[in-house]
Amino acid sequence: MSEIYSMRITDSELGENGCNYMHRPMKFESDCLTGEGVLFDFISEGCLPSSAAMFVKQRTLPVATWRHGGDHFVILRRRDDLDLYCLRIPKTSENHLNAFLFTDLACLTRSPRRLLGIPLTEGDSEVKYLVLHLQMYVYRHLCDDEYPQCSAVTCNSYIRHECHKSCKVCDADNPPATCSFPRRIRGDWYQMDTNGFNRVNVTESDVIMENMGSFRCVVYPDSPSRRTKMYTTVSMFKNGCRPRYTCVKFKRLGPSVLRYTLSRSYVWPDLMEKFGESICSDDQFGMDPEPIRDLYRTTEDTGKPIISHNPALERVPCNLSSSFSLTATFPNGSLCHGSLFEHCEDSTRLRLHFHSGCGQVISRGETISSLPYNAAVESSNPGPWVADYACLAHYEGHYWERVLMLRNVKDKKDARCLLFTQMDASEAMMMVAGQCDKNAWNYARVGMRTPLLSLRLRPDEFPCKYLPLTTTTTTMSSTALATSGGGRMESLTGRLPGGRRGGQTQILPVSFSVTLPPSPGGPKHRISAAYEEPKGRERTPIDYNPELSPRGNDSGSGRVASSAGGIALAPLILLAAYADWISR
């Protein structure tokens, strides 16, 4: 439910509220922008119902919801304390309806019969509630009146706030000018967070956030300079919600990673002057109350990372200082051993590998969404678990932390980050992408966020590793195969009969599958720059070198290809020599 209604009130004990007959109606708003909760606007203290301990503008947050008999029940909590209410909304979807607010936290599942002229049964008689008579009203313009009678009243300082259009506070023929977002941030993006996968579309003048809302860029004389990357926006609705004024801030984290920050919103018509200065003021940025916290809105210096869907991804070098052996701790306490390393063939790719048997460990308590790889969990599968990630961005955390943003090369919904700290180079964490901000490390340490994985790292000797290669080739032979050079050679056709005939050796074609084990790569085989000790700082598992190409694998690719090719050709040279010896 995301709507606004004008509201009249009937108290179960005192009857009709005297403010029902005022020109300016009381209002009921529900989650017009996600995370706002339910707003009761009683206009003045004289309109407050005695049976409900509320403020004139009372925001509440839903903490539980269910359906019964088609009606929607919601437990509401006041934002700043533990006072609870039960709201019952009928299943009707008409523009006018009667909802019930139970102030004693006793949710009656049948219609309160006192309003129907039927006495309440014993046990129900002590239940206190308000009947909310709701009528939808749609605000279509920023220059509008709050109620139809505005055209017939005398404008004074109080009335001007309610009747913008009739009192000439605004000019309906000259709305605020629409502005444009920079071309470099336009496109289709997506956000992966604890509430799931959501798309974010940035057009020339609009930001459309799935399951959140839409924000149109508008400019006022005192709007922030474009150099600040802060934009004043307006949200308009077709469901009756009043317009919202919100500040949106952007920051580029990598070629394909953007961070947005949303402020809290002003509700029309609360602003009458200094629109730009007020909308983007520092005190408008902050988290929502518990339990929502920073799921939608954050402090000004943090925000929500989003990853590019269109234009296509552009990778950056991973820049791990080493390959690592690791011990991973899952949220359920399970332990798993494995390794983490950069591909020698492609410095923009990272592999996370769990040893055999980890599937059984993980399946005892983990869900697919919490796994750090793209694979289905089967407790009967004893094999290793492997995932390859593209490195998308490096950026600073808070003080001593660095963040490496990753996305699974086979699953765009598997977006997460690795966090490292200079305080302990053997410690790292993996978080879902939407939580990868400057506060991620500290919030995880104090229990405000739960990492997908907590890692203990042990550096290996080599900075990167080659992936296992499987090569199929055809040669001429008449004998069994041998194992050579650390590789495993198996005949796909089996041993073939052969022998000398007329002094000639019978040479038959045989196909082989040559599987090479993972091999370490020395510093000369690594595409990205070797790790250098940061001056004046502790050694960390990652250190961003901005001089590297953002594509990461342009320079030196021929060298690596030749190195990898040399390894792959070694068994073939051996086979050719062996075949030549047989032919003699």
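The values are calculated or read from the model by the stated rules, or taken from the named source; none is laboratory data. The model shown is predicted, which means the values in this text are computed figures rather than measured ones. A quick note on method: Cβ atoms are made from the backbone with ideal geometry, for glycine too, and the neighbour counts reach across all protein chains shown.
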Positions within segment 396-454 being crowded, with 23+ Cβ neighbours inside 10 Å and at positive phi, in sequence order
none
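Criterion first (under 30 Å from Leu295 (Cα atoms) and of a type in the set (Asp, Glu)) does Asp31 satisfy it?
Values: under 30 Å from Leu295 (Cα atoms): yes; of a type in the set (Asp, Glu): yes.
Here the answer is yes, as Asp31 does meet what is asked.
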Quick one: count up the residues across segment 189-212 that are assigned to a loop (DSSP other than H, G, I, E, B) and over 20 Å from Glu36 (Cα atoms).
3
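Report yes if Arg252 is in contact (Cβ under 8 Å) with a residue 40 or more places away in the chain and buried (at least 21 other Cβ atoms within 10 Å of the Cβ), otherwise no. Explain how you work it out, then say what you get.
Values: in contact (Cβ under 8 Å) with a residue 40 or more places away in the chain: yes; buried (at least 21 other Cβ atoms within 10 Å of the Cβ): no.
Here the answer is no, as Arg252 does not meet what is asked.
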Residue list for segment 145-162, restricted to those being touching a helix residue (DSSP H, G or I) at 6+ places or on another chain (Cβ under 9 Å) and closer than 28 Å to Tyr220 by Cα:
Asp145, Glu146, Tyr147, Cys150, Ile159, Glu162
Out of curiosity, is Val386 at pLDDT below 90 and outside any loop (DSSP other than H, G, I, E, B)?
yes
Quick one: which strands (runs of 3 or more DSSP E) lie wholly within segment 22-100 and hold at least 3 residues that are in contact with a Pro (Cβ under 9 Å, 6 or more places away or on another chain) and farther than 14 Å from Tyr5 by Cβ?
57-68, 71-78
Does segment 344-357 hold any residues that are out of contact with any strand residue (DSSP E or B) (no Cβ under 7 Å at 6 or more places or on another chain) and modelled with pLDDT under 90, and which are they?
Ser356, Gly357
What are the residues in segment 304-352 that are assigned to a loop (DSSP other than H, G, I, E, B) and within 21 Å of Thr421 (Cβ to Cβ), if any?
Val316, Pro317, Cys318, Asn319, Ser321, Ser322, Ser323, Phe330, Pro331
Can you tell me which residue in segment 150-176 is surrounded by the fewest Cβ atoms within 10 Å (Cβ to Cβ), limited to those that are assigned to a loop (DSSP other than H, G, I, E, B) and hydroxyl-bearing (Ser, Thr, Tyr)?
Thr154
When restricted to Met22, Met54, the only residue free of Cβ contacts under 8 Å to residues at least 40 places away in the same chain and more than 17 Å from Leu101 (Cα to Cα) is Met22
I'd like to check something: does segment 126-141 contain any residue that is modelled with pLDDT under 85, within 28 Å of Phe275 (Cβ to Cβ) and either of a type in the set (Val, Ile, Thr) or in a helix (DSSP H, G or I) (or both)?
yes
Being in a strand (DSSP E or B), within 17 Å of the chain's Cα centre (by Cα) and either surrounded by fewer than 23 Cβ atoms within 10 Å (Cβ to Cβ) or among the hydroxyl-bearing types (Ser, Thr, Tyr) (or both) narrows it down to one of Thr299, Thr261, so name that one.
Thr261
From (1) hydrophobic (A, V, I, L, M, F, W, C); (2) crowded, with 23+ Cβ neighbours inside 10 Å; (3) at pLDDT below 90, pick out the condition that doesn't hold for Phe341.
(3)
Any idea which residue in segment 213-234 is surrounded by the fewest Cβ atoms within 10 Å (Cβ to Cβ), counting only those that are out of contact with any Gly (no Cβ under 8 Å at 6 or more places or on another chain) and assigned to a loop (DSSP other than H, G, I, E, B)?
Ser225
